[in-house]
Each structure stands twice: as structure tokens, then as C-alpha cells.
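Take a look at the structure set out below.
Values in this text are rule-based calculations from the coordinates and carry no lab data. Small disclaimer: the values here were computed from a predicted structure and weren't measured. Positions of Cβ are backbone-derived with ideal geometry, glycine not excepted, and every protein chain shown enters the neighbour counts.
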Amino acid sequence: MTNGTEDLDNLIALMAKLPGLGPRSARRAVLHLIKKRSLVLLPLADVMQRVGATVRECLNCGNVCTTDICDICSADKRATGQIAVVEDVADLWAMERAQVFKGRYHVLGGTLSALDAIGPDELRIPKLIDRIKTENITEVILALGATIDGQTTAHYIADQLPGITVTSLAQGVPVGGELDYLDDGTITAALNARKAL
Amino acid sequence: MIEWRSEAALLSTRPFGENSVIIEVFSASHGRHAGVVRGGTSRKVAPILQPGAQLSVAWKARLDSHLGSFTVEPIRSRAAVAMGDRLALAGLNAVCSLLAMVLPEREAHAPLYDRTIALLDLLGQSDVWPLAYLRWEQALLEEMGFGLDLSACAVRGVNEELIYVSPKSGRAVSREAAGEWADRMLALPEVLAGKGDASNDEILRALGTTGYFIEHRLIKGLGDRPMPGARARLLDAIARVK
């Protein structure tokens, strides 16, 4: 089915490839963009063109940015000696949203996976070891998922870092969570990580 | 519509589309079996789908040759036990990756399923787990048709001083019979034959022998695929438990 011109069809087809969108919702989005031409469409096109030309991975931590070194790595006040190791950029952004962690990050780009044959060489683990040697790191916080692959990766990294304080995020009852709704694995983890009051 | 329901251990998951995953399970009656779980990436379902989890699965497809879809309900999660223990985690990965690699698809192996569940139930008991894992690898070889015969010397028929395993036949060889071929033989620690010292060092020696047959008999038959790295990490974890 045609939607006017070939360019519009192409735009809809490309939008439909985005996560969460299908052909129908892509058509709605494109119509919305056309209606808000000056307010949304043109600024969006402009920003996308600029980002497309400049976006890259930070050479230091693997974060996405538009310069060789990202803002977090280049900020002197974030040189706290702590480095949080995360699986991918979405996790880094989640940590930044919480505005609690004041140190720097290292994005691994995935986790070790026995079944997908993803080994240490496929991740940015050698770069992490280099950074620990050169950036006066005193604590490595393993902020990896509470999954089998995430924790396998955490144990592997901990083994590679003798002499450094290595910690990991706690696992257990989420804020606002009720025990009745938790799975038995989470309750086991929470009980194992209980703390004195 | 073809349907069946069974208990199964989850071996692997991989993404399929935006919200679904393809899982591989190992059940007593249907062996290694794949299928789609719709909504498998959701917050509700994703925590259930961790390797090693014991599930109640219902599979259905229009034709038997189709991939089909699973609905899953948790019976027992093993992730929490494994995640806090380096050896358990390495063990769980090794078991799941070996099964996912060497089991033929849709072929029942009920005895091996029972052995696997028994092994997974021992996760977290680091004093007995390495020996249980060794016995499981022996059972895996047996079930796949490459069992080791350690009852008597393959050359002379004697059952004294059996200290080697022939890499060709998988049968025991005595010290005397090995002669000048001794350096080409694999080690036969007593623990492999079900007796003697079951220290971790001896278990590692025995795993070296079973590993040879897994690599050169089971995996070699599947094409040029390497031994899963998870097994090497398990051996490393056992070596650290002193």
C-alpha cells in the first residue's frame, strides 16, 4: 500500500524497524511528525543528522557520546577511584538516572555466555584491566544483571582483579516490593544477603 | 494441533523478535526440545527463564516439524543458589552448555535427565559437587554411547594395576600392558573407577580423561566445534576449592 510518495513510504518502513513500533504505529508517528513539521520533524531531522555524523563509543569506557572521550570520563570530579562495570549503555544510563553513583563507568558490551560462545575476548575486559592500572582505581563495583550470565561474568572479572576491592550490587527485595509477590529465587537471594539492623 | 506437557530443565534462551525468546529445555520424555515463549522478555517471565530452572512446560504446534511454542510455569529456580557460589555457577553453566551442545534434538534420554536433575539438586554443596559432576560426565558418555569400560585391562584381561585408559577404545589398560605406549594413554585415577581418594586433585585428573572423550568423541562428531568454555571455567573453579 502506498502512503503518498516513495520517500514517505521509506520513512514509514524505517520507523517500523524501531523497537516497539510496527507498520501501523510507524504510520501514526510519521503523520504526527508531518503535522508538527516545524516543532518536531525539522528539529528531529537536524539532530539526527548531527548525531549520525558524530556519535561514537567513548574510547575509554565504551559509553556512547559525540566526542572521543565522554563527559563522564573527562570530568575531573568523577575521578573518585570507583568504577562501575555495567553490561551495556542502557545500564549506564539507568545508573545515571538514579544520580547516586559519582564515580566512572566501564561498559562491557555484553556478558560471558557459555551457550552463545561469548568469551572474555569478545568483551571489553582487557580494557577494564588497563584502566584499573592507569586510573588509580580503588574499588570496582560490578553492576551486572542478576542473571546466570551476569553473575558468571562478575565472578570472572573478580578473578582477574586480585588485590583490588571488588563489590557487586545487592540482590533482593525491590523498593516497594511485597514478599508475597516475589519468586522463590529472589527471596533466597534476599535472605542470603540479609543485614543486621 | 500437537501438544504435550512435561517437567523439564531449562538449558538456554535466546531472543526472538522484540518480546519473545526461543528456549531449549531438556525433559525426560522429549529430550532436548526448542520452542518459542511469547512474552519471554517480560518482567514476569524473564526471571523464570534462567538456565538450570526446573519448569513445567506445555508445548504445542500445528505440525510436529514446527518449532512450536511453550508455556512455562516455574517448579524450582536454581539461579539464586548458583549465583552466590562460584563453583555452583560454573557447574550450572558447564552442565547446561554441554547438554545443549551434545544432546540430539527431540530424543528422549530419561536416565540422563534423572541424573541431571539429581546433580542440579546438589548445587551449592561444594564438598560433594565435584564428585557428583564427575559421575554425571561418565553417565553422559554412557548415555551417548561412549561409556568407559574400566572393569578389566583391554589387553590382558587382568584387573590389577589398572592405571590407564586407552584413548581409542575407552577401556582400562594395566601398567604392564601399556608398556612403551604409556605416554599415549590417558590417566585412570581410582576415583574414576569408583574407588580410592576423591580429592579435588584426583577428580580433576579424572575429568581430564572424561573431557578427552567428550571432546574427541561426542563433540568432534558434531563438526568443528570447540569444547564449551564453561567446562574449562568449571575445572578452574574446582582447582580453586582446596
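So which GluC sites (Glu not before Pro) in the range B:136-242 are both in a DSSP loop and have at most 11 other Cβ atoms within 10 Å of their Cβ?
Numbers: sites: B:E137, B:E142, B:E143, B:E160, B:E161, B:E176, B:E180, B:E190, B:E202, B:E215; in loops: B:E160, B:E161.
Those satisfying the criteria are B:E160.
What's the longest uninterrupted piece of chain A once you rule out the GluC sites (Glu not before Pro) that are loop residues per DSSP with at most 16 other Cβ within 10 Å?
A:1-134
Could you list the trypsin sites (Lys or Arg not before Pro) in the range B:30-134 that lie in coil according to DSSP, counting only those with at most 13 other Cβ atoms within 10 Å of their Cβ? Here the sparse-neighbourhood loop sites are B:R43, B:K44, B:R62, B:R106. Using the Kirkwood radius over Cα pairs, work out the Stokes-Einstein diffusion coefficient for the range B:10-93 at 4 °C and 1.567 mPa s, in µm²/s as a whole number. Answer from the Stokes-Einstein relation: 98 µm²/s.
Here A:K195 is the anchor, and the lysines within straight C-alpha reach of less than 30 Å, apart from those fewer than 8 places off in the same chain, are A:K102, B:K44, B:K242.
From the P(r) of the range A:1-83, can you give the percent of Cα pairs sitting at distances over 22 Å? Please list the in-between numbers first.
Values: 1597 of 3403 pairs.
That fraction is 47 percent.
With the convex hull of its Cα atoms as the shape, chain B has an orientation-averaged projected area of 14.1 nm².
Computed over Cα pairs, the Kirkwood radius of the protein assembly as shown leads via Stokes-Einstein (0.692 mPa s, 37 °C) to a diffusion coefficient of 131 µm² per second.
Filter the trypsin sites (Lys or Arg not before Pro) in the range A:1-86 to those in DSSP coil with at most 10 other Cβ atoms within 10 Å of their Cβ, and list the result.
Values: sites: A:K17, A:R24, A:R27, A:R28, A:K35, A:K36, A:R37, A:R50, A:R56, A:K77, A:R78; in loops: A:K17, A:K36.
Those that pass, being in a loop and sparsely packed, are A:K17.
Based on the alpha carbons, how large is the Rg to Rh ratio for chain A when Rh follows Kirkwood?
Values: Rg = 21.5 Å, Rh = 20.1 Å.
In chain A, Rg relative to Rh is 1.07.
Across the range A:28-127, the fraction of Cα-Cα pairs farther apart than 22 Å, rounded to a whole number, is 47%. Note on the range B:2-77: with charges restricted to the Cβ of Lys and Arg (+1) and Asp and Glu (-1), its dipole about the Cα centre is near 140 debye. Its Cα gyration tensor gives the range B:105-150 an equivalent ellipsoid; the semi-axes, largest first and in whole Å, are 20, 15, 6. Gyration tensor over the Cα atoms of the range B:120-242: the corresponding equivalent ellipsoid has semi-axes (square roots of 5 times the eigenvalues, largest first) of 24, 18, 13 Å. If one puts a single equal scatterer on every Cα of the range A:105-191 and applies the Debye formula without solvent, what log₁₀ I(q)/I(0) results at q = 0.16 Å⁻¹? Debye output, listed in q order: -0.72.
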